Structures are given as C-alpha cells and as structure tokens.
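Below you'll find the structure, written out as structure tokens, and then a few comments.
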C-alpha cells in the first residue's frame, strides 16, 4: 500500500494509492462524483434506496444535488484555513472509533446541507490530530454501511488500511507519547 | 520535525503524485461553462427517466453513437450551440434557458 500527499507542502491530508489503480482514492472519488454518467448509472441502480431513505424519486434531482455537494466538499477539503482543521471536517465512523482514537476510522461529509442530509462520504484513517489518510468514499443511501455492497467495500478498505498501518507500527501522536513514557 | 506517522507516509509514498488539486482547480476554473454542460446532462437524464430510456435508446433517438451520449451525460462536454439545438429539436425539449 502506498500513499500520496494531497496538497504540496502540507502534511495533514494524504490518500491511499493502490497499485494498479490509475490515481489515488481521493482523486478517483471526485472523478466519479463530478461525472454525470457515473451518477446517472449509480442512481438508476439504487433508485429504491433513494426513494426509501430520502423520498427522492427523480434521478435528475439526485444528480444535481450530488454535483452541488461534491463542489462544497471539494471546497471544504481544499480551501484554507478550513483545510488545516480537518478534525472539524472528519468525525468518527462509529462508537468504537469514538472511544479509542488510535488510527480511528473517520468520515467527512458536507455537514450543513439543506433540504436533505448529504449522502456523499469521504472515509479516512486518523493518524494524528489533524492528520488523515483517505481510503475512499461512497454515496451512502442506507442507514448502515453493511447494507450495500459498495459501502461494504469501503468499510473493508478502511479496515485494511488501519490493519496495514497498525502492522507497521504507526500510532497516533498521543499513543506514541504514552508508549515512550511507558518505557 | 515531522511526526512518526508522517515519516511513515513519506517512506511509503507513491511515485505517482496526486492529481486531486490539479483536477479540482480545473473544475473551479471552468465552473461557469461546466454548469451549462451539467444542466444539459441533467435535463437529458430527466428525459431518459420519464421515457424509460437507456443510453442506447437516447443515442438512437438523437442519431448519434452511445459513446457520444456518454459524453453528453458526463456534464463535462463543451458543446456548440448547433449541437444543443440538434438535441432540442430531436427530443422536443428545452435544455438551456438564459435568464
């Protein structure tokens, strides 16, 4: 597993770059989210979820909202000074990640969307305060990630990256300090 | 000095740099005409859903290739007025309205 720095000269945001994939996970994600044909096919395939969970019947509406949301999320990731406060943008994935924030699994989305909650998710592992590695992302239309194959794949990617970092002895700053003190 | 986590990421850095910032900047620099292109794509999607059409059906209706329809649906195609007029005439819809 390899990694790329997202913004030159800044250490806070990284992404996984899988061998054999054309680009890193964050780049690939936004290519999909800004590609109307990808979104059309996705929402056609998941139209029942769109209706059941968001009460949206129109594909054109869903695609339009996604374009809008992707733009906001891109801005949140890139625009300073917000981009230097990623701990504000990312939140723990679930309760287990809240308890121990050592390599915790995190999600980012546009938290202030009007009309309906945002379904776009960027998934990442938190390495240190304000240091994240993006593992992927998804259009999440269901309550849990386990309910659909495409979100399950993303959960696996998060867990795989966490396991990889753990196996290589990467801890967050606090844990590292604790370990050092313990010695 | 960089923390241990950063040192690890540096040591395992891909040779292929991220394109995210460059592509995001391109989208930002081109956002005005992209908005027009997206508006057209969204209108076509609404038409397809209303008529139960797939990409190939729309291609046949427009007399173009399915690959060309993919470009139209992507919302990133820089079309001429003539091309837009052709689509509007063939489908009997209005894709773009100037306010």
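When the stretch A:1-23 is filtered for residues that are crowded, with 23+ Cβ neighbours inside 10 Å and either without any contact (Cβ under 8 Å) to a residue 40 or more places away in the chain or on the phi > 0 side of the Ramachandran plot (or both), the ones remaining, listed by number, are A:4, A:17. For the stretch A:137-148, a tally of residues being under 15 Å from residue A:91 (Cα atoms) and surrounded by fewer than 23 Cβ atoms within 10 Å (Cβ to Cβ) returns 0. A count restricted to the stretch A:102-122 and to residues that are more than 24 Å from residue A:52 (Cα to Cα) and free of Cβ contacts under 8 Å to residues at least 60 places away in the same chain stands at 3.
A quick yes/no check of all residues on (1) within 11 Å of chain B (Cβ to nearest Cβ); (2) under 22 Å from residue A:156 (Cβ atoms):
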| residue | (1), (2) |
| --- | --- |
| A:49 | no, yes |
| A:59 | yes, no |
| A:67 | yes, no |
| A:114 | no, no |
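Residues in the stretch B:2-21 that are in contact with a helix residue (DSSP H, G or I) (Cβ under 9 Å, 6 or more places away or on another chain) and loosely packed, with under 13 Cβ neighbours inside 10 Å: B:2 only.
Taking first residues from the stretch A:81-101 that are under 22 Å from residue A:6 (Cβ atoms) and partners that are at pLDDT below 75 and loosely packed, with under 13 Cβ neighbours inside 10 Å, the Cβ contacts under 7 Å between residues at least 6 apart in sequence or on separate chains come to A:92/A:98. Taking the criterion of being at the interface with another protein chain (Cβ under 7 Å from one of its Cβ atoms) and closer than 17 Å to residue B:78 by Cβ, the residues of the stretch B:17-42 that qualify are B:23, B:27, B:38, B:41, B:42.
Out of all the residues in the stretch A:25-47, which are more than 10 Å from chain B (Cβ to nearest Cβ) and crowded, with 18+ Cβ neighbours inside 10 Å? The answer is A:33, A:42, A:46.
The values are calculated or read from the model by the stated rules, or taken from the named source; none is laboratory data. Quick caveat: nothing in here was measured; it's all calculated off a predicted structure. FYI the Cβ positions are ideal-geometry reconstructions off the backbone, even for glycines, and counts take in every protein chain you see.
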